[in-house]
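Below: the structure, in C-alpha cells.
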Amino acid sequence: MLVFQNTNIYMIERVVMRRFGRIGFIFLAIYLVFIGGSAYYTLLFPVRVLHHILLTVLLALWLFGRLRRGQSLPVTPLNLPLLAVVAVWLVSVLASADVRMSFENLWFQLVHVLIFFVLVDMIQHGRQRLLLETQFMLGAAVIFLSGLELASWYFGLGILPGTQLGWASVAGAPLVLPRLSLAMNISTLLAGYLVPLIILTGGWALTVRRRDYQAVLGILAGLLLIILLLTGSRGGMIGIVAGTGAFIALRLSQSGRLTARLSGRVIIGTAMFAGVVLVALFLIWSVSDSGTRDFGDAGRVDMWRSAIAMTSDHPLTGVGATLFGRAFRDYRDPALVQDKLVSAHNVYLNTAAENGLPGILVSLWLGLTFVGAWWHLRQAAGGGYQLRLDTTFAGLAGMGIHSLVDVFTITPIVLLMLLLVAYSITRPGSRLDNPPQTPRWITVMALLVVLGYGVWLIQLDRAQSVYQNSLSNTETALTDAIEAAQLDPALNLYTLQIAYLTGQDALTSSNPDIETAIAAYETALEREPTWDTGWINLAVLALQQGNATHALEYLDTARQINYFNTANLYWAVLAETNHAAPDDEIIAAYQSAITRRANRFLPLADFWRATPLRQAALEAYIADDLPLDLQYRVLSTFDAERATALVSAAPQTAAEWWVAGEYTLTVENDPAAAIQYFSQAIALRPTYGDYYVSRARAELHTDPASAWQDLDIATLLTTADEYPNAVRADLANIPEDIFMYRANALPPRQVRQEFAATLYGRTAQFDVYPGMRPVGPGRVAMQPWYAVAEERLASGDREGAITAYRAILDYAPDEQEAREALAALTGP
C-alpha cells in the first residue's frame, strides 16, 4: 500500500515522485496490496521474484539516499521497543527447528519495520494526505473488486472460477448470499483489512470540511461495511463493533469540548452503526452451517491449547518466528486437522508460541509505549485533528479485538496497521522540517541487511526456478529436483520432492528400484517426520517389496498425524488381511476412515461390504446419529428392507419428505408423486442443493425444462451426494454435450497443497500413490464414466476405452469392474 515514498528531498523522491508522481505512488500501493503482498506471492513464482527485486531495490535506494544526505532513520517513541522486538525475532529464529525457513520468513517482518519508518518520515514531512488519499483509493479498489465478484456470481459472467452460471438467469432472487473474498483471496483476511479501514474512512468523513468529500467518504465507508458483512466473518463483526465502541468512548470522554450537534451526530450514528452490525452478526451466526462452525470452533480451541503448550515447552525462545504452522503439526489433535493453518488464530497466543515470553514482554512494551505516545499527542490536539487521532486509535482497537480470533501478517493488513500507528504517534510536519534522526550506524546496518537479504533471495529464487521445472517437466523432473536441492540444500521441500519423484519412477518403471526409493523417503521423513503423505507413500513402496509389517508401521505413523488421510483405511485393510490387530481396533479404524473421509463420498461402494469387519464399521457408522436421508442413501445400496422401514407415512422434516420422494421414485416408479415429496423437502430446506437434483431426476422425462432449472439451482448451491452433470447427461440430446456432461459428472479429485504451503510458502504436488488412494463413490455414481468407456469400445476406439477405465481406477481404485475390463483390454 504505502511503501517507500519518501517524497521529500531524497533520492526516492526524484526516482518515484518526480518521474511517476502520484499515479506511480498509487500503482505501487496497488501492487503491494493486491499483487506482491497477496497470495499471488506464493502461488505465482514470477510475482515472488518481482517482489524480492522491487522491495530490495526501493528500500536500498531509500536507505542509501538518506545516508548520502547525512540522514538516518526517523526518531519515534517506538524505536527502542522496535529494536527489542527485532532482537527477540532474531533469537527466536536462531533457536528454531527450521532456521532456514524462519530466516526467510523474517524478511517480511523486517521489511514491514522499515516501511513503518518510511511512513513516519512521510508524515513528518507533510505527506500524510497522500498516504490517506491512497489508502482511500485502495478501499475503492476493494469495492470495485468485490463488486466484480458479486456481479460475476449473480449474473454468471464467468469472470471468476465457478461463476459461469448465475442466479439472475436461474432463479432471480438468490437463495444464499456469497461469501466475498476476491480482494484478499480469503474472506477472513478481507474482513481483517476492512475492520480498521471502515473506521478510518468513517472517522475521516466526520472531519473533512467539504460536503462532497463527506459524502464520498461516507458512501465509501458504507459500501465497505456491506462488503464486511458479506465476508461472513464473525471475528470481523466483533472487531468492527469493538472499534466503534472505542471510538464512541473516546468521543464521549471529550463531549464537553464538542458542539452538541457534532456530539449527538457521532454518538447516534455510531450507535446505529453498531446495532446494524450486531444484527448482521446474529443473522450470520444463525444461518451458517452449524457442523462447519462447530468443527471450526473446536479447531480454534485446539490451536489455542497448542499455542499454550508450545509456550510452556519453549518459554524463552518460542518455537521460532513465523513457525507456528510447522510446530502445530506436533501438537494438534489429529481429529481436528487443517493442514492450512499457519497461526494460532490469536495474535497474543501466537506471539507467545513463536517468540516465547520475551516476545510477550517486548510486545507489551511496544504497546504501552504506543498508547503513551498517542495519548500525549492527543492531549495536545484539538478539534478535527483529535477526532482523527481517535479514529486511528479506534481502528487499531478494532484490529486488536479481531486479533483475538485471527492473526493478520499479510502485507496489505500490516501496511494499513502501520499507517494507523504512524499517524497516531507522529505530528504532521512540512517538507522544510528537519526532524531528529537516529544514529547513522543503524541505517547502515539496515542497508546491509536489505542488500544481504537481496543477494540471498536471488539464490533462493534460482533454486525455486529449477524446482518449478520439476513440477511440470516429467522427463527432467528428478534431475531438476536434485539441482534445486544443491542450490538450496537447507530447504527440506526439495528433499521431499526428490523422494516423491524417485518413488513415482520406481512404481512406474519396468525395472523398478524400490530400495533407492525407500532410502530417499527415509531421508525425507527424517527431515520432515510429520509428512503424512510421505509415510503413506513409503507404505506403498514397502508393500511393493512384500513387507506388510513395515507398511503397517508407516501407516500407523501417518494416521497418528492426520485422521483425514487414507492411512486409517489402508492400515485397517492390511491389519485385517494379515490378522495383525484385534477386530475391534480394525473396525474402529474403518469407521474412522468412513467418518473422516479423505474424499467427500458416502460409503456406497461395494468395498465397504466386502468383509465382515468393514460391514461392522458401516453399521456402526449408520447407527452413529447419521441423518435420516443419508441413512437411506447408504441402506438402499445393500438392505432394501431396512431402507424401506425409514419411509415415513406422515413426513414432517425435510429429510423425511426426501426419503419418501426417493422411495416413491426409485421403488414405486411414480415420478409425479415423487416431485411433490421432493418439493416439500425443498420448501423446508431451500438451500440444500441435493434435493433439487433429486427433483430433477423425477422431472427427467415429464418436465425437462424444470429439471434443467433445478439442476442449475443445485449447481449454484453446490451438492454433496448428488451429481448434477450426471442428470444433465440424461437430459442432453447432442452427443458432444452428453460426453462433456458424463466426463464432468464427478467432482475432480483434489491433491491438497496445504502441507508445502504451510511449511515452505511454496506449492507442491505431493499426491498419494495409486495403491492407497481413497475409495470411490460407488458403481452408480461412476456410471457416467463407465458409459464413456463402453461407448468408446463400441465405436472401435480401444485406446479411448483403456484411457477411460484407467481414469476410473485412478479416481476409484476399488472399482473391480473397471479393473477387470482393463485387464481384458490390456492383458493381466
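Below, the figures for the structure above:
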{"read-out": "Some residue of the range 586-605 being over 24 Å from R749 (Cα atoms), in contact with a Pro (Cβ under 7 Å, 6 or more places away or on another chain) and open to solvent by less than 40 Å² (accessible area, probe 1.4 Å)", "value": "no"}
{"read-out": "Pair list, Cβ under 9 Å, 6 or more apart: the range 679-695 residue in contact (Cβ under 8 Å) with a residue 60 or more places away in the chain, other residue surrounded by fewer than 17 Cβ atoms within 10 Å (Cβ to Cβ) and in a helix (DSSP H, G or I)", "value": "T687/V287"}
{"read-out": "Selection count where residues are more than 18 Å from M237 (Cβ to Cβ) and in a helix (DSSP H, G or I), scope the range 143-182", "value": "16"}
{"read-out": "Hey, F564 open to solvent by 20 Å² or more (accessible area, probe 1.4 Å), within 32 Å of the chain's Cα centre (by Cα) and modelled with pLDDT under 95 or not", "value": "yes"}
{"read-out": "Single residue of A173, A141, A97 found to be in contact with a Lys or Arg (Cβ under 9 Å, 6 or more places away or on another chain) and either among the small types (G, A, S) or at pLDDT 95 or above (or both)", "value": "A97"}
{"read-out": "Given (1) within 27 Å of P489 (Cα to Cα); (2) modelled with pLDDT under 95, number of the condition N537 does not satisfy", "value": "(2)"}
{"read-out": "Residue pairs meeting the criteria (Cβ under 7 Å; at least 6 apart or on separate chains; first in contact (Cβ under 8 Å) with a residue 12 or more places away in the chain, in the range 728-750; second open to solvent by 40 Å² or more (accessible area, probe 1.4 Å) and charged (D, E, K, R))", "value": "A729/R742"}
{"read-out": "Top-ranked residue of the range 349-365 - restricted to ones that are in contact (Cβ under 8 Å) with a residue 40 or more places away in the chain and surrounded by fewer than 17 Cβ atoms within 10 Å (Cβ to Cβ), ranked as farthest from G398 (Cα to Cα)", "value": "L357"}
{"read-out": "Residues within the range 418-439 that are in a helix (DSSP H, G or I) and over 17 Å from L80 (Cβ atoms), tallied", "value": "5"}
{"read-out": "Condition broken by F25, with the remaining ones in (1) modelled with pLDDT under 90; (2) assigned to a helix (DSSP H, G or I); (3) open to solvent by 40 Å² or more (accessible area, probe 1.4 Å) satisfied", "value": "(3)"}
{"read-out": "Residue selected from the range 712-763 under the condition in a loop (DSSP other than H, G, I, E, B) and basic (K, R), by the criterion modelled with the lowest pLDDT", "value": "R752"}
{"read-out": "Failed item, numbered, when L316 is tested on (1) touching a Pro at 6+ places or on another chain (Cβ under 9 Å); (2) at pLDDT below 90", "value": "(2)"}
{"read-out": "Filtered residues of the range 503-519 (kept if open to solvent by 20 Å² or more (accessible area, probe 1.4 Å) and either assigned to a helix (DSSP H, G or I) or touching a residue at least 40 places away in the same chain (Cβ under 8 Å) (or both))", "value": "Q504, D505, L507, T508, I514, E515, T516, A519"}
{"read-out": "Residues (open to solvent by less than 50 Å² (accessible area, probe 1.4 Å) and aliphatic (A, V, I, L, M)) located in the range 300-319", "value": "M303, A307, A309, M310, V319"}
{"read-out": "Residue satisfying condition, being assigned to a helix (DSSP H, G or I), farther than 25 Å from Q783 by Cα and open to solvent by less than 30 Å² (accessible area, probe 1.4 Å), within set A572, A581", "value": "A572"}
{"read-out": "Criterion violated by G243 - all others in (1) surrounded by fewer than 24 Cβ atoms within 10 Å (Cβ to Cβ); (2) touching a residue at least 40 places away in the same chain (Cβ under 8 Å); (3) over 25 Å from the mean Cα position of the chain (by Cα) satisfied", "value": "(1)"}
{"read-out": "Condition broken by G771, with the remaining ones in (1) farther than 30 Å from G325 by Cα; (2) open to solvent by 20 Å² or more (accessible area, probe 1.4 Å); (3) under 30 Å from the mean Cα position of the chain (by Cα) satisfied", "value": "(1)"}
{"read-out": "Filter pass, G776 being open to solvent by less than 20 Å² (accessible area, probe 1.4 Å), among the small types (G, A, S) and not in a helix (DSSP H, G or I)", "value": "yes"}
{"read-out": "Residue in the range 638-649 that is more than 27 Å from A605 (Cα to Cα) and open to solvent by 70 Å² or more (accessible area, probe 1.4 Å) present", "value": "yes"}
{"read-out": "Residue within the range 365-388 that is among the small types (G, A, S) and either in contact with an Asp or Glu (Cβ under 9 Å, 6 or more places away or on another chain) or closer than 13 Å to P196 by Cα (or both) present", "value": "no"}
{"read-out": "Selection status of V788, surrounded by 19 or more Cβ atoms within 10 Å (Cβ to Cβ) and part of a helix (DSSP H, G or I)", "value": "yes"}
{"read-out": "Per-region count, the range 113-138, residues among the hydrophobic types (A, V, I, L, M, F, W, C), open to solvent by 20 Å² or more (accessible area, probe 1.4 Å) and over 29 Å from the mean Cα position of the chain (by Cα)", "value": "0"}
{"read-out": "Some residue of the range 591-610 being touching an Asp or Glu at 6+ places or on another chain (Cβ under 6 Å) and not in a helix (DSSP H, G or I)", "value": "yes"}
{"read-out": "The range 411-448, residues that are of a type in the set (S, T, N, Q), farther than 24 Å from S38 by Cα and in contact (Cβ under 8 Å) with a residue 12 or more places away in the chain", "value": "S424, T426, S430, Q437, T438, T443"}
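The values are calculated or read from the model by the stated rules, or taken from the named source; none is laboratory data. The shown structure was predicted, so the numbers you read here are calculated from the model rather than taken from an experiment. Don't worry about glycine lacking a Cβ; one is built from the backbone with ideal geometry, like all the others, and counts go over all protein chains shown. When the accessible area is computed, the model is the full protein with side chains, heavy atoms only, and any ligands, DNA or RNA have been set aside. Shrake-Rupley method; radii C 1.70, N 1.55, O 1.52, S 1.80 Å.
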